[in-house]
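The values are calculated or read from the model by the stated rules, or taken from the named source; none is laboratory data. Computed from a predicted structure; not experimentally measured. Note that we place each Cβ from the backbone using ideal geometry, even for glycine, and neighbour counts take in every protein chain shown.
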Amino acid sequence: MKFRVKIAAILAMAIGIPVLIGSTTPASAAGKAEYCRLLMSSMGYSVGPKVTDACNYAGTMTCYSKLRLLGVNANDASFACQI
């Protein structure tokens, strides 16, 4: 019985916490692009027209590929593009 209560509590927290604090990434395409640009800037990359263009494809492999071609670290590109 105690095991079931613990499992129920863990599931409630796993479901409830994201609902309470909101999503960690924006859902709209424009929101994802802005989030990508902000992440790139916070990681020390210059955000010019080429990075902006890549970030316009945030959430896709196109974003990742474009950033990699610009010399962005693979982990940074994956994180910024949200893939």
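Only one of Ala54, Ala58, Ala8, Ala30 is modelled with pLDDT of 95 or more, on the phi < 0 side of the Ramachandran plot and either basic (Lys, Arg) or in a helix (DSSP H, G or I) (or both); which?
Numbers: Ala58 fails: either basic (Lys, Arg) or in a helix (DSSP H, G or I) (or both); Ala8 fails: modelled with pLDDT of 95 or more; Ala30 fails: modelled with pLDDT of 95 or more.
Of Ala54, Ala58, Ala8, Ala30, the one residue that is modelled with pLDDT of 95 or more, on the phi < 0 side of the Ramachandran plot and either basic (Lys, Arg) or in a helix (DSSP H, G or I) (or both) is Ala54.
List pairs: first in the range 64-83 and touching a residue at least 24 places away in the same chain (Cβ under 8 Å) and over 15 Å from Ser41 (Cβ atoms), second surrounded by fewer than 21 Cβ atoms within 10 Å (Cβ to Cβ) and among the aliphatic types (A, V, I, L, M), Cβ under 9 Å, 6+ apart or cross-chain?
Hits for this filter: Gln82/Leu39; Ile83/Met61.
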